[in-house]
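Here the structure comes first, spelled out in structure tokens, and everything after it is commentary.
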Amino acid sequence: MPEAFVCLFLYRDCDVSQINYMYAHYVKNTMQPLNIADVTKDQRFPWTVNIYLVLIFNQIKSVLCTPIRNGKKDKVIGVCQLVNKMDESCCSIKAFNRNDEQFLEAFAIFCGLGIQNTQMYETVERAMAKQEVTLEVLSYHASATEEESQELQVTVVATVPSAQSLRLQDFSFSDFDLSDTETTLATVRMFVDLNLIQTFQMKYTSLCQWVLSVKKNYRKNVAYHNWRHALNTAQCMFALLKSGRFQNNLNDVEILALMIATLCHDLDHRGVNNSYIQRSDHPLAQLYCHSTMEHHHFDQCLMILNSPGNQILSGLSLDEYKVTLKMIERAILATDLALYMKRREEFFELTKNNQFVWEDDHHRDLLRSMLMTACDISAITKPWPVQKRIAELVATEFFEQGDKERRELNIEPIDLMNREKRDKIPSMQVSFIDAICVQLYETLASMSEYCSPLLEGCQKNRQHWKCLAEDCEKGLVNGLVKAYWFIL
């Protein structure tokens, strides 16, 4: 051990009150090391010539001080000070040398790291405490009230309409004639008929509050990506499981994850896409480098599932819980069409070549992702009057984003978002069907013939949009076609 540090530990015959902080204060202000061989001969410090002060500070003779710096900033966060280096051979005080300076500078770096880490830890602790309080407040406001939950429970106990009366197993299902209460009852009915409540020991109180909380966290001022879209997506998954017979090949955990994911896949949607979020420098864009909104939807889903009274997964084992959350996350992220485009070719090739293996976890994950997309865009398969009405809602939302892009970003929106190009909607719908939809529904129909209504509905709507597109090209957009577009 260096001599300077030996004397530091051996010399302890004065208390803290006798330490002279004036040298440390000087080093802090100058941000430079200080090495004084004999303080009584150093004229820079007036107190060293005062005999009374010398006696108070226990006859300090040699002093070595060095600043402790912040690693990231040119800032002093402390000072290391050594006094009265001892010469053990004669028990007298001697001056600190260059080696002592180097050792103390190295020790100061170590101290700086320790102090900085401690300060960072305290900062993180405070931030975590604030985050916990914020999450608690957010969870309270995001959750449905007990009164709403109890009201739904009473209705559920009294009567939950059958899946048949609600047409939940029909691929042609439409929510337009359902009241808000009926949409929540329909959701409960799907969980009941899939045996999820019994299998995973869900409490009806938790399920009702969770359904209402999910509904509450969809923004009402968004034209299309709202609670009604979530319900339609979940209903299509329910129909695929029941009428499409996929329930026979998927296990209970997969079914649970898919139903939760479909209901939550657009939580807190703001009516704008990922491109807008990125270009507008929205804070959400700083959190995720890709699939920005889909990650946010999953975060909201997780927040609700963990909120008091909404914990519908409390009956799962720890392993089941981890697996379920991972499936939910992957399923929600799969609704990003950019990811769908990257993964779909592998899925199509597997099914085309009869190489899809049900026992292969990767193949099953691909299937779940494709099912999510099929449900998310299932409006394109609905009867024409329903499809036309939904298309108008989608256009309304897209045009509002286009208006924002003009107003806030000062850019010209793409045709899909440009209300001045609304006459191109029919042709763009045809392109969307050809590029995104047809092959997906063809593949699902090849896996299960009972899914063919989705493909047939998609093909019929393509014919309708094709006719409108041809009429637009003939110059009828300012007459019959334009009127037809707004009427339906």
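Checked across the range 393-408, the condition of being closer than 20 Å to residue 172 by Cα and at pLDDT 95 or above holds for at least one residue. Residues in the range 220-254 that are in contact with a Phe, Trp or Tyr (Cβ under 8 Å, 6 or more places away or on another chain) and among the aliphatic types (A, V, I, L, M) were compared, and the one that is nearest to residue 335 (Cα to Cα) is 230.
For residues in the range 302-321 being part of a helix (DSSP H, G or I) and either closer than 20 Å to residue 372 by Cβ or of a type in the set (A, V, I, L, M, F, W, C) (or both), which is farthest from the chain's Cα centre (by Cα)?
Per the stated criteria, the residue is 318.
Filtering 413, 426, 385 for residues that are outside any helix (DSSP H, G or I) and in contact (Cβ under 8 Å) with a residue 12 or more places away in the chain leaves a single hit, 413.
Scanning the range 329-364 for residues that are in a helix (DSSP H, G or I), of a type in the set (Asp, Glu) and either surrounded by fewer than 17 Cβ atoms within 10 Å (Cβ to Cβ) or not assigned by TED's automatic domain parsing to the domain that holds residue 228 (or both) yields 345, 346, 349, 361. Tallying residues that are closer than 18 Å to residue 267 by Cα and acidic (Asp, Glu) within the range 279-323 yields 2. Residues of the range 123-148 that are of a type in the set (Ser, Thr, Tyr) and within 21 Å of residue 215 (Cβ to Cβ): 139, 140, 143, 145.
Conditions (1) farther than 19 Å from residue 451 by Cα; (2) crowded, with 19+ Cβ neighbours inside 10 Å, marked per residue:
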{"site": "208", "(1), (2)": "yes, yes"}
{"site": "226", "(1), (2)": "yes, yes"}
{"site": "229", "(1), (2)": "yes, yes"}
{"site": "236", "(1), (2)": "no, yes"}
{"site": "255", "(1), (2)": "no, yes"}
{"site": "261", "(1), (2)": "yes, yes"}
{"site": "275", "(1), (2)": "yes, no"}
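On the stretch given as the range 35-67, residues that are part of a helix (DSSP H, G or I) and modelled with pLDDT of 85 or more total 0.
Residue by residue, here is whether (1) over 16 Å from residue 303 (Cβ atoms); (2) hydrophobic (A, V, I, L, M, F, W, C) holds:
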| site | (1), (2) |
| --- | --- |
| 122 | yes, no |
| 137 | no, yes |
| 142 | no, yes |
| 145 | yes, no |
| 149 | yes, no |
| 152 | yes, yes |
| 158 | yes, yes |
| 164 | yes, no |
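Quick check on the range 154-173: of everything there that is at pLDDT below 85 and either crowded, with 18+ Cβ neighbours inside 10 Å or among the small types (Gly, Ala, Ser) (or both), which residue is farthest from residue 379 (Cα to Cα)? Filtering first and then ranking leaves 158.
Flag: residue 398 matches the condition of being out of contact with any Gly (no Cβ under 6 Å at 6 or more places or on another chain), assigned by TED's automatic domain parsing to the domain that holds residue 433, aromatic (Phe, Trp, Tyr) and assigned to a helix (DSSP H, G or I). The set of residues in the range 186-207 that are outside any helix (DSSP H, G or I) and hydrophobic (A, V, I, L, M, F, W, C) comprises 194, 200, 202. Does residue 216 fit the bill of being basic (Lys, Arg) and at pLDDT 95 or above? So residue 216 fits the description; yes. Screening residue 382 against (1) among the basic types (Lys, Arg); (2) over 26 Å from the mean Cα position of the chain (by Cα); (3) surrounded by fewer than 20 Cβ atoms within 10 Å (Cβ to Cβ) leaves a single unmet condition, (3).
Could you please let me know if residue 231 is touching a Leu at 6+ places or on another chain (Cβ under 8 Å) and within 24 Å of residue 442 (Cβ to Cβ)?
Working: touching a Leu at 6+ places or on another chain (Cβ under 8 Å): yes; within 24 Å of residue 442 (Cβ to Cβ): no.
When the stated conditions are applied, residue 231 does not pass them.
Regarding residue 460, is this residue over 17 Å from residue 374 (Cβ atoms) and either surrounded by fewer than 19 Cβ atoms within 10 Å (Cβ to Cβ) or at pLDDT 80 or above (or both)? Answer is no for this residue. Considered as a group, the residues in the range 1-20 that are exposed (fewer than 12 other Cβ atoms within 10 Å of the Cβ) and within 53 Å of the chain's Cα centre (by Cα) include one that is modelled with the highest pLDDT, and that residue is 16.
The values are calculated or read from the model by the stated rules, or taken from the named source; none is laboratory data. Note that the structure is predicted; figures quoted are calculated from it, not measured. Glycine gets a Cβ as well: all are built from the backbone with ideal geometry, and neighbour counts include every protein chain shown.
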